[in-house]
1. So, Trp111, is that one assigned to a loop (DSSP other than H, G, I, E, B) and either open to solvent by 60 Å² or more (accessible area, probe 1.4 Å) or more than 30 Å from Leu8 (Cβ to Cβ) (or both) or not?
2. Quick one: would you say Ala69 is open to solvent by less than 80 Å² (accessible area, probe 1.4 Å) and touching a Phe, Trp or Tyr at 6+ places or on another chain (Cβ under 6 Å)?
3. When you look at Ala78, is it surrounded by fewer than 13 Cβ atoms within 10 Å (Cβ to Cβ) and either closer than 28 Å to Gly149 by Cβ or in contact with a His (Cβ under 9 Å, 6 or more places away or on another chain) (or both), yes or no?
4. Kindly list, by first and then second residue, each pair from a residue in the stretch 46-64 that is modelled with pLDDT of 95 or more to a residue that is open to solvent by 60 Å² or more (accessible area, probe 1.4 Å), limited to pairs with Cβ atoms under 7 Å and residues at least 6 apart or on different chains.
5. Being open to solvent by 60 Å² or more (accessible area, probe 1.4 Å) and outside any helix (DSSP H, G or I) is the filter here; which residues of the stretch 25-63 pass it?
6. When you look at Arg91, is it farther than 26 Å from Asp191 by Cα and in contact with a helix residue (DSSP H, G or I) (Cβ under 8 Å, 6 or more places away or on another chain), yes or no?
7. If Ala101 satisfies every condition in (1) open to solvent by less than 40 Å² (accessible area, probe 1.4 Å); (2) without any contact (Cβ under 8 Å) to a residue 12 or more places away in the chain; (3) in a helix (DSSP H, G or I) but one, which is the exception?
8. Restricting the search to the stretch 1-24, which residues are over 23 Å from Ala79 (Cα atoms) and open to solvent by less than 60 Å² (accessible area, probe 1.4 Å)?
Amino acid sequence: MDRLLDTLRALRAPDGCPWDREQTHQTLRPHLLEEAAEAVDALAGGRDAEVVDELGDVLLHVAFHAVIAEEAGRWDYAAVEQAITEKLIRRHPHVFSDAVAEDAAAVEATWAAVKAAERGDAADDDPAARVPRSLPALSRAGRLATALGWRDEPAAAVGGPLDAEGYAEALLALAAAAARDGHDPELLLRDAVEARVRDAGT
């Protein structure tokens, strides 16, 4: 990691790369979303070289933001690493303390309870606020449906010809139903699209 950070510091130096020097936390936001999506695609494809390459691009953004913040004297990569390590230890008391978790469901329940305690009672008043706005629309719809208990029925929403609002309601209902059944609707659709593209090419 030190080599990556030093490389970015060189790129951001006065005699470094003009493009890299101009970047800010805000200008990098769309790039981070794109790189995360490409990493998801690579993981779905299962080709190791692509996975390594795309995860490297995501890691680049972690380092890039750390160097930008470091320059401003706000925080650095060590703070990011410390925060995530402490969070993992805190949210796994069955590993790092004396709590017991018999199965994955118990682990998820503990994780949710510790996460809620970290936020405090005030944050728990608005479950929708805990779903990131920058998620892809279908993923966000599924997460919100779970958080808010939406019970839309997709069969009713898809009956007959639809206008734009009707399509939106149908998509929302399908996303809610998929999330209720334990699926991420965004990943379902991404995988289905890729499968259709592959089939069309054969």
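1. No: the conditions fail for Trp111.
2. When the stated conditions are applied, Ala69 passes them.
3. no
4. Matching pairs, first to second residue: Val51/Leu43; Glu54/Glu38; Asp57/Glu38; His61/His31; His61/Leu32.
5. Arg47, the sole residue that qualifies.
6. On the way: farther than 26 Å from Asp191 by Cα: yes; in contact with a helix residue (DSSP H, G or I) (Cβ under 8 Å, 6 or more places away or on another chain): yes.
In short, yes.
7. Every listed condition holds for Ala101 apart from (3).
8. Gly16, Cys17
The values are calculated or read from the model by the stated rules, or taken from the named source; none is laboratory data. This is a predicted model, so every value here is computed, not measured. Cβ: placed from backbone, ideal geometry, glycine included. Neighbour counts: every protein chain shown. Protein only, heavy atoms only, side chains kept; ligands, DNA and RNA dropped before computing areas. Shrake-Rupley method; radii C 1.70, N 1.55, O 1.52, S 1.80 Å.
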